[in-house]
Amino acid sequence: MKAFQYATAHSTDSARELVAGNGLYLAGGNDLFGLLKEYLVGADLLVNIKSLPGLNKVEHGKTFWTIGSLVTVAEIEDHAEIKKVFPGLHDAAAEIASQQIRNVATVGGNLAQHSRCWYFRHRDTQCLKKHGDLCYARDGENRYHSLFTGNSCISPVVSSLATTFAALDATAIVLRDGQETRMSMAELYHGAWENPLAHNSLDKGDLILRVEIPTTRTRSAYLQVSDKHAFDWALVSCAAAAAVVDGKLKSPRVALGSISPVPHQVEAANSFLDGKVLDDATATQAADLILKDAKPLEHNAYKVPMAHAIIRRTLLKLKGDA
Ligand SMILES: Cc1cc2nc3c(=O)[nH]c(=O)nc-3n(C[C@H](O)[C@H](O)[C@H](O)COP(=O)(O)OP(=O)(O)OC[C@H]3O[C@@H](n4cnc5c(N)ncnc54)[C@H](O)[C@@H]3O)c2cc1C
Ligand code: SF4
């Protein structure tokens, strides 16, 4: 690992100033230290943001909840009210990595975590995402990769929280150039959809402050399938959220993770589900719509039936009989 200096920021202004040279924000360090050790990123200064005031709180109001970017994944998992109001978010948090990692992993770091593509993570491979001229996964080992992409890189977003926040229509509040900017999950990852070099839409120095979740969708659910039961990223994940009025879905949203550089949402499926009574046939039709344009590669076609099954199961979980 390259030598670096270390500073603790006590205000968002000082954090931004410190990071402005060749600095990087450090939260729980789960992802960042791996990248530094493998020489995948370099920094002269690590800016510890864990002491920034006010970002480690979960606050709830009538119309939305606020989760600070320094709240840990374990705090989400252990929060009794979150479990009641946003069960999908609780279940997503509880599936992440291991207890030790969840204890220190933060919401901001989870959303900003980098690609898990094994070519990207190999220090000697200079793929598109590292300014090379080839995506090695396209004709190589692509079993963990995307079914959808807007560019030549097929590395998917793997943040379980992003998938769930997308279904809940949450907004990330990002400090950019001294101003608070609001980004939907689609906007937060759009950069990775169009640019193979990007993991998300954050610019250098952008700081995720908090996430706001509207309370309109009173039901939510999350499921993932992984190679291992614990300590593993999802092969495919699915989150769904909606209100239910007179037994019918209202404002439903379904989002998938690990199959696209953005949390994958299909507006036609959300519209199709709106006003429907959930049953197996409806859930199946929604899954068909969501996966209609999937473009599987040589080794990841298994993700299509897997995604189809967990979309159906996640949707049926919304009505409580999965
Ligand atoms: C074995 C294993 C299994 C895992 N499984 C899963 C899984 O199933 N699902 C899942 O979602 N994750 C999974 N993870 C990833 C883990 O959740 C993330 O590495 C962790 O959440 C990162 O959070 P952190 O606070 O440690 O971030 P750090 O490592 O400190 O930071 C990560 C990146 O985010 C940037 N950053 C941090 N905070 C902010 C902020 N507030 N604003 C802007 N940029 C910021 C940093 O500069 C860095 O680039 C797994 C990790 C491991 C090791
Ligand atoms: S999928 Fe993206 S990160 Fe992986 S080899 Fe291709 S360009 Fe690199």
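The values are calculated or read from the model by the stated rules, or taken from the named source; none is laboratory data. This is a predicted model, so every value here is computed, not measured. With ideal geometry, Cβ positions are generated from the backbone for all residues, glycine too; neighbour counts draw on all protein chains shown.
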Candidate set from region 234-257 (those that are assigned to a loop (DSSP other than H, G, I, E, B) and modelled with pLDDT of 95 or more); member that is surrounded by the most Cβ atoms within 10 Å (Cβ to Cβ): A234
Positions within region 216-233 being of a type in the set (D, E) and either farther than 29 Å from C117 by Cβ or surrounded by fewer than 14 Cβ atoms within 10 Å (Cβ to Cβ) (or both), in sequence order: D227
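From the list D78, D31, pick out the single residue that is charged (D, E, K, R) and near ligand 1 (Cβ under 9 Å from one of its atoms).
Values: D78 fails: near ligand 1 (Cβ under 9 Å from one of its atoms).
Among D78, D31, only D31 is charged (D, E, K, R) and near ligand 1 (Cβ under 9 Å from one of its atoms).
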Count - residues of region 110-150 that are touching a Cys at 6+ places or on another chain (Cβ under 6 Å) and at pLDDT below 95: 0
Test: K276 is part of a loop (DSSP other than H, G, I, E, B), more than 16 Å from ligand 2 (Cβ to nearest atom), touching a helix residue (DSSP H, G or I) at 6+ places or on another chain (Cβ under 6 Å) and over 15 Å from D169 (Cβ atoms): yes
Verdict on G109 being farther than 23 Å from N30 by Cα and out of contact with any Ser or Thr (no Cβ under 7 Å at 6 or more places or on another chain): no
Hits in region 105-122 - residues which are in contact with a helix residue (DSSP H, G or I) (Cβ under 9 Å, 6 or more places away or on another chain), part of a helix (DSSP H, G or I) and more than 6 Å from ligand 1 (Cβ to nearest atom): V107, L111, Y119, F120, R121
Members of region 250-284 that are free of Cβ contacts under 8 Å to residues at least 24 places away in the same chain, touching a strand residue (DSSP E or B) at 6+ places or on another chain (Cβ under 7 Å) and of a type in the set (A, V, I, L, M): A269
Index of the failed condition, T125 passing every other in (1) within 11 Å of ligand 2 (Cβ to nearest atom); (2) of a type in the set (V, I, T); (3) buried (at least 21 other Cβ atoms within 10 Å of the Cβ): (3)
Some residue of region 134-151 being within 16 Å of ligand 1 (Cβ to nearest atom), outside any strand (DSSP E or B) and either under 25 Å from L26 (Cβ atoms) or assigned by TED's automatic domain parsing to the domain that holds S69 (or both): no
Residue under evaluation D169, criteria (1) more than 13 Å from ligand 1 (Cβ to nearest atom); (2) in the same structural domain as Q265 (by TED's automatic domain parsing); (3) not in a loop (DSSP other than H, G, I, E, B), criterion not met: (3)
Search result, residues across region 269-283 that are exposed (fewer than 15 other Cβ atoms within 10 Å of the Cβ) and of a type in the set (V, I, T): V277
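Mind checking which residues of region 198-223 are assigned to a loop (DSSP other than H, G, I, E, B) and either free of Cβ contacts under 8 Å to residues at least 40 places away in the same chain or not small (G, A, S) (or both)? Write out each step before concluding.
Initial filter on region 198-223 (assigned to a loop (DSSP other than H, G, I, E, B)): 198-206, 215-218.
Within region 198-223, A198, H199, N200, S201, L202, D203, K204, D206, T215, T216, R217, T218 qualify.
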